[in-house]
1. Enumerate the amide H contacts of Gly178 below 5 Å, restricted to partners 5 or more residues apart or on another chain; note that Pro and chain-start residues carry no placed amide H.
2. Could you tell me which of the pairs Lys344/Lys381; Lys83/Lys119; Lys381/Lys426; Lys90/Lys119; Lys90/Lys112; Lys325/Lys381 are separated by over 26 angstrom between their Cα atoms in the structure shown?
3. Can you work out the FRET efficiency for the pair Lys119 and Asp430, with r the C-beta to C-beta distance and R0 = 30 Å, to the nearest 0.05?
4. Run lengths n ≥ 4 of DSSP H only: what is the helix-derived mean residue ellipticity at 222 nm for the chain, with -39500 (n - 2.57) per run over all residues, to the nearest 500?
5. Taking the Cα centre as origin and putting +1 on Lys and Arg beta-carbons and -1 on Asp and Glu beta-carbons, what dipole magnitude results for the chain, to the nearest 20 debye?
6. Would the stretch 154-235 count as rounded, prolate or oblate if I go by the C-alpha gyration tensor, calling it rounded below 1.5 in a/c and otherwise prolate when a/b exceeds b/c, oblate otherwise?
7. With a 1.4 Å probe and every protein chain left in place, work out the accessible area per residue of the chain in Å², rounded to a whole number.
8. Could you pull out every residue, at least 5 positions away or on a different chain, whose amide H is within less than 5 Å of the one on Ile69? Hs are placed 1.01 Å off N in the peptide plane, and Pro or chain starts have none.
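The values are calculated or read from the model by the stated rules, or taken from the named source; none is laboratory data. What you see is a predicted model; the values in this text were computed from it and never measured. Heads up, the Cβs are rebuilt from the backbone with ideal geometry, glycines too, and the neighbour counts pull from every protein chain shown. Heavy atoms of the whole protein, side chains included, go into the accessibility calculation; ligands, DNA and RNA do not. Shrake-Rupley method; radii C 1.70, N 1.55, O 1.52, S 1.80 Å.
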Amino acid sequence: MGKIIKTNISRREAIKTTGSVATSLAVAAMSMQGVYAYQSNTVQVALIGCGGRGTGAAQNALSTKSGPIKLTAMADVFEDKLKGSYDSIKKAFDKQVDVPVDRQFIGFDGYKNAMDSLKPGDVVILTTPVAFRWVMFAYAIEKGLNVFMEKPTTVDGPGTRKMLELASKSEAKNLKVGVGLMCRHCRARGELHDRIRNGEIGDITLLRAYRVAGPTGSAFVKPKPANMNELLYQIKNFHGFLWASGGAYSDFLIHNIDESCWMKDAWPISAKGYGGRHYREDYVDQNFDSYSTEFSFADGAKLILEGRYMPDCDQEFASYAHGTKGSATISAKGHWPANARMYKNQNMTTANEIWKYTKEDLNPYQLEWDALIEAIRQDKKHNECRRGAEASLVTSMGRMACHTGKIITYDEMLNCEHEFAPTVDKLTLDGPAPLVADKNGKYPIPQPGKFIRPKREYGI
Ligand SMILES: NC(=O)c1ccc[n+]([C@@H]2O[C@H](COP(=O)([O-])OP(=O)(O)OC[C@H]3O[C@@H](n4cnc5c(N)ncnc54)[C@H](O)[C@@H]3O)[C@@H](O)[C@H]2O)c1
């Protein structure tokens, strides 16, 4: 076993047990560098939001190879989700799972209990729907915990402003924060990014991105069963409700937006967009079934983004870059492998290929965890919160442009006052949901051209 590189005594204990000069030095060091950094002692992990991605993220955490790591607490609002997740993680990582029933927490306050069971410097995984992200992240910062949080991290202007403030606080505490825009850790995209920076396809003037698929996740929501709690129904079907997820647009399109903007090394300054609900049978969610957005960068370059969730149409999940000297595939056929390539002109054919990634394209979901845990153990700077909030804001800008039918600028989105769920930190099981259905069980849907003063995406 290696040594613990920083003391894990508390400030109060340090003051009680050491001489005054040594104490001041120790306390100053702790303030500057974070209280705990681990080299090879056990990192404890709590999982909050035990669904598909949370279960996967916990497994990625337990698969890191830089030292001992254990899952020690879990929280969810649904008992069956927690149990299902526990069983599958336990089956695969038996000895690394130490979550007795008294560290399994059900309910809206469970996140606090789970984080209370950790020590400063441990890691909490935030994989609930995004609505709860800032609430839980604020508590994690208070507890001095390192964090892995899934994308998107915000869905509106007020939420983004809160998240940016929290980013500053977490940076000041030297916390390590990973955000689940895992494609940023992809080696193939990373090499492509370096080559684009070297000018190998010239200046980027156009990016194109597509995530066109059939109905995805819980984006198509059937009416609420009579006997089901309204709030839990909306949480279970979170892709259908803008307060919970930012809808299909924010939840699904953010990856293409983020990887495209990465290649440009800039965020767009405005967006205009289109979309509609072509045929929705008795689905009651707030989503359009197709979206088209044109983002503009400060230098005039554009990112064209297409999103569609309709059965039996052509499907594509890919991003492309066009430069003054050539073009590139950023990703084709999903997140991984990336299939990154460059071409000598705008015709993206094998004959025109000038580069492709030939090494093994490792799983970026694992790489993002390897980087986070390595940063914790070696006390390296690692905080993706600010970038995650910016990517989320740009995504909201595109969504709002489609939903309002108006050009939305980055600054307008950031300063927008409409908050989808201002009381999300106070929700209780028997209290009201942030979104209310009409007497027919229908929820308000965006209607471009309406409800734009003050800017908001739907009435009520
Ligand atoms: N990076 C990626 O490629 C990727 C892939 C899938 C999902 N995600 C993200 O992960 C998040 C979760 O998605 P998912 O597909 O795992 O959904 P999911 O529904 O499978 O899991 C979410 C879990 O959170 C629980 N939950 C909801 N509110 C809670 C609360 N207040 N406290 C505690 N638990 C709560 C739910 O009961 C559920 O078990 C989303 O933000 C999604 O965008 C990212």
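1. Val147, Phe148, Met149, Glu384
2. Details: Lys344/Lys381 37 Å; Lys83/Lys119 24 Å; Lys381/Lys426 33 Å; Lys90/Lys119 22 Å; Lys90/Lys112 23 Å; Lys325/Lys381 36 Å.
Where the Cα-Cα span goes over 26 Å, the pairs concerned are Lys344/Lys381; Lys381/Lys426; Lys325/Lys381.
3. Working: r = 34 Å, r/R0 = 1.12.
With a Förster radius of 30 Å, E is 0.35.
4. Details: 14 runs with 160 residues, N = 460.
Computed mean residue ellipticity for the chain: -10500 deg cm²/dmol.
5. On the way: 60 positive and 52 negative charges, 148 e Å.
My answer is approximately 720 debye.
6. On the way: a/c = 2.84, a/b = 1.47, b/c = 1.93.
It is oblate, given that a/c is not under 1.5 and a/b is not larger than b/c.
7. Numbers: 19230 Å² over 460 residues.
Per-residue value: 42 Å².
8. So Ile69 has HN proximity to Val43.
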